[in-house]
Amino acid sequence: MYIKKDCVAMLLAGGQGSRLYALTQNMAKPAVPYGGKYRIIDFPLSNCINSGIDTVGVLTQYQPLVLHDYIGTGQPWDLDNIHGGVHSLPPFQTALGAQWYKGTANAIYQNISFVDRYDPEYVIILSGDHIYKMDYSKMLNYHKKTEADATIAVLDVSLEEASRFGIMITDDNDKIVDFEEKPKEPRSTLASMGIYIFTWKKLRKYLIDNENDETASKDFGKDIIPNMLKDNQKLVAYHFDGYWKDVGTIDSLWEANMDLLNPNIPLDLYDPTWKIYSRNPIMPPQYIGNDATVENSMISEGCVINGNIDFSIIFAGVTIEQGAVVRDSIIMPGSVIKSGAVIEYSIVGEDCVIEEYATIGARPETISDKSEWGVAVVGHNVTVSEGAKVLPKQIISENI
Amino acid sequence: MNENTNVLGLIFANMHDHTVVDLTKERTMGSILFGGRYRLIDFPLSNMVNSGISEVGVITKSNYQSLLDHLGSGREWDLARKKGGLHLLPPFGHVGSGIYRGRLEALYGVWQFVKNSPAEYVLLSDCDIITSIDYEKVIKQHIDSLADITVVYGKSILSMEQAVNSTVLSVNDDDRIFDILLNPQISGACNVSLNMFVLSKEFLKNIVLSAASRNQYSFERDVLQAHIKDYKIMGYMHEGYFSKIDSISNYYKANIALLNHEIREKLFIDKAPIYTKIRDNAPVKYGLDSNVKNSLIADGCIIEGTVENSILFRGVKVAKGATIKNSILMQDTVIGQKCDINYVITDKKVMIGNFRLLTGSQYYPLYVGKGATI
């Protein structure tokens, strides 16, 4: 027996995140570590439960093992409800054969029966690529109040940035009149955040029609939204003015982490009224040793720090030996940074070993040709041998 | 780790409450905060779970709200089980029982629960010992030696004050205990009981029922001491690191000892983690002018001042210009700007305003009670 739900969330988490290179070699993008103790997916999942949405389908496809393990029963997010809760939804075989998810719309289409079980009035479509805190219930109320068929959350971005996003063109009443995917000359600065609320009956129909259209690309941005606009359905923009960041590239992932250290950026992880939940490590508190210097950084449980840390995010269970230097960098869980190693402007993946006197990355001011400079990346489970060098912008996924 | 369904764990959460009255004013011994993120009961409970014991009863007496809140369903210790799992056993009153005077009366009060367990052996433990111990070895020795009772002990150099709160054993070369001193006025190297005992359920039943009919309640006095000749009472020497919480100054020492790398390695073993309640705090944030040395810092702290040789529990805030030295700041303590704090223990949710100066001494740290504002 299923209890009717007002709103069910469908979280698109199957993307490869190919622009994160070595960091998504063995895990889907939503499982990539962020912010010292989180994975990206903690943000939409915590937003759901904090917004009163207790039924979430997570659509997985690319490298789902880490993600499935992480989600588990959903208990860390209080999403292990008797009625509802979080469900991992990988592609499956049917009597008609097996199919991968061929696009965002197709992924939801293939799970229509999952949504139908809860007979919801509304469905919220989320993605596992963004860092933000948002009360979806306010957006849902707006959707109800405006009696829209679809509501799209938008963020006002700068004109330069606008060509990187899906851009909404609205009338004076925030009704969406047109939509452009990554326009060269944007006609508006309202960027889609990839968060949609649909009246389920409407979306259901459009999903089926789209599926039957063999030429369609089965994508929300390319098909569903334009098709609804064409049919003169009521699509409205919901303005969001908080912190929101796409973490699809090495640079944006690095920046989104560093944003946590910036007192002027409104992403407060310490707010008890809107906690971001995660699977907690079972480790003793961190130890900061006599020889350590730690400034302007975030450090998680189980770390043993004897080196020098400045402007960095250090995940659980990391060891930083005496004399090692970590600046402007992100060190993911379980890695060991040995004595004399220098890490600057870098992302070091999970369970890496950086041997003595190795150097990873460099400060931008030390490189004369700025096109040569970028954040250096060491993939997960990699050993960088004694004295070895990883250059700025270099991405390694094997031992050197 | 194999499931050891043959052993029932019983933890006494209120034993020794009187030795640290400040800390147990509003909580049980078992729910005293320790080591930045733990409560004392996390140690016996995790040791039991790590030894494969999957059914544990926690016997309480008074002030147990914080304990119930901490343990919940037992899920964090993997003890929210259909078979076995965690059972909270508050005093259960019926004619001739209720609030108990000692271990035997407490056991008599919960006997229905013990009786219903399928386990053949019972492991009893208090919450006053901080250690990591493999109970499987204790139980194996108990069975192999055909003992009636096995008492876990450690070697320690006791001061007069410590001995008064201890049970001291004399053990011969075959691990047999031949003399027991309760709360003796002695000092020096001793075999000190770690207040952990193994017995078969059948044997325990006999002594509990027989004690009840004789109005006896002290396990140590009326069983161990009284029957030292006719029962086979064996000692199990625990060689690992342990500390005993029996006064506020030893509580302070046991916490500060965690700043020693070797001691942390002995307590927090990868394969035998110490579990505790989860609070979903963000990582620790260190500000621009933070200066932290030789300290243990738990999640959710925000540090903008100087911290040395101290233990900070979850959610502690240290404002700019404040200096914390040699102190233990429990959960959600807030230290104002330019405070100078030395040899201080603050209980939960203490607020210390700007420019305050608080100083205790190494042997008598200043204790600030729960929720106080200075």
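Remarks
- Selection over the stretch B:299-344 of residues that are on the phi < 0 side of the Ramachandran plot, of a type in the set (Lys, Arg), assigned to a loop (DSSP other than H, G, I, E, B) and away from every other protein chain (no Cβ under 12 Å) gives a count of 1.
- Output for the stretch B:251-283, where each listed residue is of a type in the set (Phe, Trp, Tyr) and within 10 Å of chain A (Cβ to nearest Cβ): B:PHE268, B:TYR275
- In the stretch A:10-27, the residues that are out of contact with any Gly (no Cβ under 7 Å at 6 or more places or on another chain) and among the small types (Gly, Ala, Ser): A:GLY14, A:GLY15, A:SER18
- A:ILE169 out of contact with any Lys or Arg (no Cβ under 8 Å at 6 or more places or on another chain) and assigned to a strand (DSSP E or B): no
- Hits in the stretch B:170-221 - residues which are within 15 Å of B:GLN141 (Cβ to Cβ) and touching a residue at least 12 places away in the same chain (Cβ under 8 Å): B:VAL171, B:ASP175, B:ARG176, B:ILE177, B:LEU194, B:MET196, B:PHE197, B:VAL198, B:LEU199, B:SER200
- Per this entry, A:THR383 is not counted among residues that are polar (S, T, N, Q), surrounded by 20 or more Cβ atoms within 10 Å (Cβ to Cβ) and out of contact with any Phe, Trp or Tyr (no Cβ under 9 Å at 6 or more places or on another chain).
Residue-wise test of (1) within 30 Å of B:PRO44 (Cα to Cα); (2) in contact with a strand residue (DSSP E or B) (Cβ under 8 Å, 6 or more places away or on another chain); (3) without any contact (Cβ under 8 Å) to a residue 24 or more places away in the chain.
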| residue | (1), (2), (3) |
| --- | --- |
| B:LYS277 | yes, yes, no |
| B:GLU308 | yes, yes, yes |
| B:GLY360 | no, yes, yes |
| B:GLY369 | yes, no, no |
| B:ILE374 | no, yes, no |
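- Within the stretch B:62-78, considering residues that are among the acidic types (Asp, Glu) and farther than 20 Å from B:THR24 by Cα, the one surrounded by the most Cβ atoms within 10 Å (Cβ to Cβ): B:GLU76
- Among the residues of the stretch B:271-298, those identified as assigned to a loop (DSSP other than H, G, I, E, B) and more than 18 Å from A:ASN262 (Cα to Cα) are B:LYS271, B:PRO273, B:ILE274, B:TYR275, B:THR276, B:LYS277, B:ILE278, B:ARG279, B:ASP280, B:ASN281, B:ASN294, B:ALA298.
- Residues that are part of a strand (DSSP E or B) and either among the charged types (D, E, K, R) or surrounded by fewer than 12 Cβ atoms within 10 Å (Cβ to Cβ) (or both) within the stretch B:347-372 comprise just one, B:LEU357.
- Cross-chain or 6+ apart pairs with Cβ under 7 Å, the stretch A:18-39 first and at positive phi and in contact (Cβ under 8 Å) with a residue 24 or more places away in the chain, then in a loop (DSSP other than H, G, I, E, B) and crowded, with 24+ Cβ neighbours inside 10 Å: A:GLY36/A:SER300; A:GLY36/A:PHE315; A:GLY36/B:PRO283
- Looking across the stretch B:26-69, just one residue is touching a Cys at 6+ places or on another chain (Cβ under 8 Å) and aromatic (Phe, Trp, Tyr), and that is B:PHE43.
- Any hit, the stretch A:257-266, residues being more than 14 Å from chain B (Cβ to nearest Cβ), surrounded by fewer than 17 Cβ atoms within 10 Å (Cβ to Cβ), modelled with pLDDT under 95 and within 20 Å of the chain's Cα centre (by Cα): yes
- Residues within the stretch A:273-300 that are facing chain B (nearest Cβ under 7 Å) and among the β-branched types (Val, Ile, Thr), tallied: 4
- Residue check for A:MET139: under 28 Å from A:ASP241 (Cβ atoms), within 20 Å of the chain's Cα centre (by Cα) and either hydroxyl-bearing (Ser, Thr, Tyr) or part of a loop (DSSP other than H, G, I, E, B) (or both): no
- Condition check for A:THR319: surrounded by fewer than 24 Cβ atoms within 10 Å (Cβ to Cβ), modelled with pLDDT of 95 or more and within 14 Å of chain B (Cβ to nearest Cβ): yes
- The criterion of being in a loop (DSSP other than H, G, I, E, B) and either at the interface with another protein chain (Cβ under 9 Å from one of its Cβ atoms) or touching a helix residue (DSSP H, G or I) at 6+ places or on another chain (Cβ under 8 Å) (or both) holds for A:TYR270.
- Test: residue in the stretch B:29-46 that is surrounded by fewer than 16 Cβ atoms within 10 Å (Cβ to Cβ), part of a loop (DSSP other than H, G, I, E, B) and in contact with a Ser or Thr (Cβ under 8 Å, 6 or more places away or on another chain): no
- Strands (runs of 3 or more DSSP E) completely within the stretch B:139-199 that count 1 or more residues being closer than 27 Å to B:VAL114 by Cβ and touching a Lys or Arg at 6+ places or on another chain (Cβ under 8 Å): B:149-158, B:177-182
- Meets criteria (away from chain B (no Cβ under 14 Å), within 16 Å of the chain's Cα centre (by Cα) and outside any strand (DSSP E or B)) for A:SER217: no
- Selection status of A:MET10, over 26 Å from A:ASN257 (Cβ atoms), in contact with a helix residue (DSSP H, G or I) (Cβ under 7 Å, 6 or more places away or on another chain) and either of a type in the set (Gly, Ala, Ser) or more than 14 Å from every other protein chain (Cβ to nearest Cβ) (or both): yes
- Residue-level analysis places B:ALA80 among those that are free of Cβ contacts under 8 Å to residues at least 12 places away in the same chain, at negative phi and hydrophobic (A, V, I, L, M, F, W, C).
- Selection count where residues are more than 7 Å from every other protein chain (Cβ to nearest Cβ) and modelled with pLDDT under 95, scope the stretch B:284-298: 1
- Residues of the stretch A:152-166 satisfying the condition of being in contact with a Lys or Arg (Cβ under 9 Å, 6 or more places away or on another chain) and either within 21 Å of A:LEU203 (Cα to Cα) or modelled with pLDDT of 95 or more (or both): A:GLY166
- In the stretch A:44-118, counting only helices (runs of 4 or more DSSP H) that sit wholly within it, the ones holding 1 or more residues that are surrounded by 20 or more Cβ atoms within 10 Å (Cβ to Cβ) and over 19 Å from the mean Cα position of the chain (by Cα) span A:104-109, A:112-117.
The values are calculated or read from the model by the stated rules, or taken from the named source; none is laboratory data. Just so you know, these numbers come straight off a predicted model, no measurement behind them. Cβ atoms come from the backbone with ideal geometry, glycine included; neighbour counts cover every protein chain shown.
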